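The values are calculated or read from the model by the stated rules, or taken from the named source; none is laboratory data. This one's a predicted model, so the numbers in the text were calculated from it and none came from an experiment. Don't worry about glycine lacking a Cβ; one is built from the backbone with ideal geometry, like all the others, and counts go over all protein chains shown. Please note that ligands, DNA and RNA were not included when accessible areas were found on the heavy atoms of the full protein model with its side chains. Shrake-Rupley method; radii C 1.70, N 1.55, O 1.52, S 1.80 Å.
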Amino acid sequence: MTEKTEKQALYRALKRKALGETVTETQEEYGFEEGEAVLKKRKVTTKEIPPDLTAVKILLEGNTESLSDLTDAELYALKEKLEAELKLNEKGEK
């Protein structure tokens with residue numbers, strides 16, 4: 001994967017996380033009849049994943065270009081900083 005496609009994939013993933021999404025999970029249970037696998041049960045579940053405010057803030061601040069240049073420690077520090085700011089904002093709204 002080239003650096004450009006990696007950045008595009010990172011941006012798409014961050015955008016999906018910021019917007020939230022609906023995902024569908026399928027679980028299948030098989031049994032054996034006459035030596036062959038036969039589908040016995042299928043369960044389809046739809047889950048709603050809520051938007052992530054940290055991802056929204058990163059997108060709004062326009063930091064998506066520099067994220068790939070950050071080390072793991074810098075990303076963790078940025079995450080901690082944004083979470084602290086969000087907590088302060090939530091306390092101010094209450």
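Quick notes on this one:
- Selection from the stretch 16-36 of residues that are assigned to a strand (DSSP E or B), open to solvent by 70 Å² or more (accessible area, probe 1.4 Å) and not aromatic (Phe, Trp, Tyr): 22, 24, 25, 26, 27, 28, 29, 33, 36
Conditions (1) modelled with pLDDT of 90 or more; (2) more than 22 Å from residue 80 (Cβ to Cβ); (3) surrounded by 10 or more Cβ atoms within 10 Å (Cβ to Cβ), marked per residue:
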{"residue": "10", "(1), (2), (3)": "no, no, yes"}
{"residue": "14", "(1), (2), (3)": "no, no, yes"}
{"residue": "38", "(1), (2), (3)": "yes, yes, no"}
{"residue": "44", "(1), (2), (3)": "yes, yes, no"}
{"residue": "48", "(1), (2), (3)": "yes, yes, no"}
{"residue": "51", "(1), (2), (3)": "no, no, yes"}
{"residue": "54", "(1), (2), (3)": "no, no, yes"}
{"residue": "58", "(1), (2), (3)": "no, no, yes"}
{"residue": "62", "(1), (2), (3)": "no, no, no"}
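- The single residue among 90, 80 that is over 30 Å from residue 26 (Cα atoms), surrounded by fewer than 13 Cβ atoms within 10 Å (Cβ to Cβ) and at pLDDT 80 or above turns out to be 80.
- Listed by first and then second residue, the pairs linking a residue in the stretch 1-17 that is more than 17 Å from residue 52 (Cα to Cα) to a residue that is among the hydroxyl-bearing types (Ser, Thr, Tyr), with Cβ atoms under 6 Å apart and 6 or more places separating them unless they lie on different chains, are 7/68.
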